[in-house]
Amino acid sequence: MSHPSTPVLATASQAPGLDDVIAAETRLSHVDGVAGELILRGYHLQEMADWTFEEALALLWRDLTPEVLSAADIKHALGAARGRAFALMQPLLSALSGLSPVEALRLLLAALPDEETTAHPVLAVAAVPVFAAAIARGGQGLSPVEPDAALSQAEDFLRMLKGAQAEPDKVKALDTYLVTVADHGLNASTFTARVIASTKAGLFSSVVGALCALKGPLHGGAPGPVLDMLDAIGDASRIESWLSDALARGERLMGFGHRIYRVRDPRADVLKGAVARLKDGNGRIRFAEQVETAALALLQEKKPLRPLQTNVEFYTALVLEAVGFPRDSFTNVFAAGRMAGWTAHVLEQEQTGRLIRPQSRYVGPMPKAKA
Ligand code: ACO
């Protein structure tokens, strides 16, 4: 008996990672991997490099939240919601011991109530820095710092992390980072969020699923390993040999390559600029640039058929290190920015009302025909 035929546009064997399959329509962001462009609701990312995170949220949530929210409204609402998230977190803190930072964030986000917040993504966005800062401090044996509702999200994130007022250049760099990673087409975590949202499971279920997808090293787990790589190389004299040996062992160089971009990821230079503007950002950049140049040359030599360029994670690592996050928190900080996009996509998906349910092509054995 032949396999049942299924009416599919592209099969998984033609596109095993669903490359080039268009799985949703969105007004939120567009990634052009050939031109190296990221457009968010009509703006090139580069135009938004000086925006605050609240301004980016106002753009992404436009027409999606029940009420129109300006950046000032969002700042106010996030401030109040950070206080609420802090209170909700208290009874769960003792359950976090032994978990990695991203597992701890997953546990805390999973405890938030779906039905209450389906129409209010503010709590989802406000909660991540509160949780991530408390988790990072817990890892150093320190107690959580209560949020300050009067501050911006970026400023309060750093204050809750350090327990002291953040320097303005670091707040600016973190704002640029959060805006830069706020949304990026139908990446794996956003797709996950939309699939869950399409079942009407609710906002928090959708974003918890997204976080689970983000934590993998092929997606949002790369920037910590980028710093590990820079540290392991250690010295300019070892760059070539270290990278060649890693490639010879069949390892991937973290911070390089992308499913969509065939040219340089536009986010890389926005983040590089954010590090360069920091008072003490330049030393690390110079070494990173040397590693980047050598890595790109080696990748071109060893993988001539596949254009492999610098991706967002390479300079993410430098920004987040420079503003003071421990490297095992990097994925959680990524989630703090990407929560903007996840919530917007969940709201957009809910508006379509259509369950996402693709088909598979069965390639297993068929039952034996009855005699
Ligand atoms: N280092 C070395 N070789 C690489 C790299 C890399 N960073 N990336 C891809 N390649 C090679 C693969 O080994 C493969 O070679 P082969 O054909 O000889 O086997 C070829 O390039 C194609 O690789 P694919 O796996 O088909 O590429 P894909 O589109 O699936 O990969 C990915 C995208 C997962 C990001 C990949 O480039 C990678 O693993 N990069 C390193 C991890 C990283 O930086 N992740 C962050 C991505 S950005 C983000 O998600 C926010």
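When 342, 61 are ordered from fewest to most other Cβ atoms inside 10 Å of their Cβ, what list results?
Ordered from fewest to most neighbouring Cβ atoms within 10 Å, 342, 61 come out as 61, 342.
If I stretch the segment between residue 87 and residue 149 completely, what's the gain in nm (0.36 nm per residue apart, minus their alpha carbon distance), one decimal?
21.0 nm
Trypsin sites (Lys or Arg not before Pro) within segment 304-371: which are DSSP loop residues with at most 16 other Cβ atoms inside 10 Å?
354, 361, 368, 370
Residues with beta-carbon under 11 Å from that of residue 307, excluding residue 307: net charge, scoring Lys, Arg +1 and Asp, Glu -1?
Residues near residue 307 contribute +4 overall.
Cα centroids of segment 311-371 and segment 143-210: how far apart, whole angstrom?
First find each Cα centre; the distance between them is then 15 Å.
So which of 215/303; 75/162; 170/215; 172/215; 75/279 end up more than 23 Å apart, counting from Cα to Cα?
Exceeds cut-off: 215/303; 170/215; 172/215; 75/279.
Report the calculated FRET efficiency for residue 245 and residue 287 (r = Cβ-Cβ distance, R0 = 22 Å), to the nearest 0.05.
0.75
Can you give the net charge of the other residues whose Cβ lies under 13 Å from the Cβ of residue 146, counting K and R as +1 and D and E as -1?
With Lys, Arg at +1 and Asp, Glu at -1, the neighbours total +2.
Note the full-extension length gain between residue 76 and residue 50 as 0.36 nm times their separation in residues minus their Cα-Cα distance, in nm to one decimal.
The residue 76-residue 50 span can extend by a further 7.4 nm.
Please work out how much length the chain gains when fully extended from residue 370 to residue 43, using 0.36 nm per residue of separation minus the C-alpha to C-alpha distance, in nm with one decimal.
111.5 nm
Treat the count of other C-beta atoms within 10 Å as a stand-in for reagent exposure and order 272, 200, 279 from fewest to most.
Neighbour counts put them in this order, fewest first: 279, 200, 272.
Sorted by mean Cβ packing within 10 Å, highest first, what order do the peptides 70-76, 126-132, 316-322 take?
Descending mean neighbour count gives 126-132, 316-322, 70-76.
Using only the alpha-carbon atoms, what does segment 223-317 span along each of its principal axes? Please give whole angstrom values in decreasing order.
Extents along the principal axes: 38, 31, 20 Å.
Please get the size of the charge dipole for the chain, origin at its Cα centre, with Cβ charges of +1 on Lys and Arg and -1 on Asp and Glu, quoted in debye to the nearest 20.
Charge dipole, the chain, about its Cα centre: 1140 debye, nearest 20.
Under 15 Å from the Cβ of residue 27, count the other residues' Cβ atoms, weight Lys and Arg +1, Asp and Glu -1, and hand me the total.
Cβ neighbours under 15 Å give a net charge of -2.
Could you bin all the Cα-Cα distances of segment 311-371 into 10 Å bins starting at 0 and give me the percent of pairs in each, rounded to whole numbers?
Bin by bin from 0 Å, the calculated values are 16, 25, 18, 20, 12, 6, 2, 0.
For the chain, what ratio Rg/Rh do Cα atoms give with a Kirkwood hydrodynamic radius?
With Rg and the Kirkwood Rh in hand, the quotient comes to 0.99.
Among 183, 114, 50, rank each residue by its count of other Cβ atoms within 10 Å, from fewest to most, as a rough exposure measure.
The fewest-first ordering by Cβ neighbours comes to 50, 114, 183.
Rule-based calculations on the coordinates, nothing more; no lab input. All values reported here derive from a predicted model rather than from experimental measurement. Backbone-built Cβ (ideal geometry, glycine too); neighbour counts: all protein chains shown.
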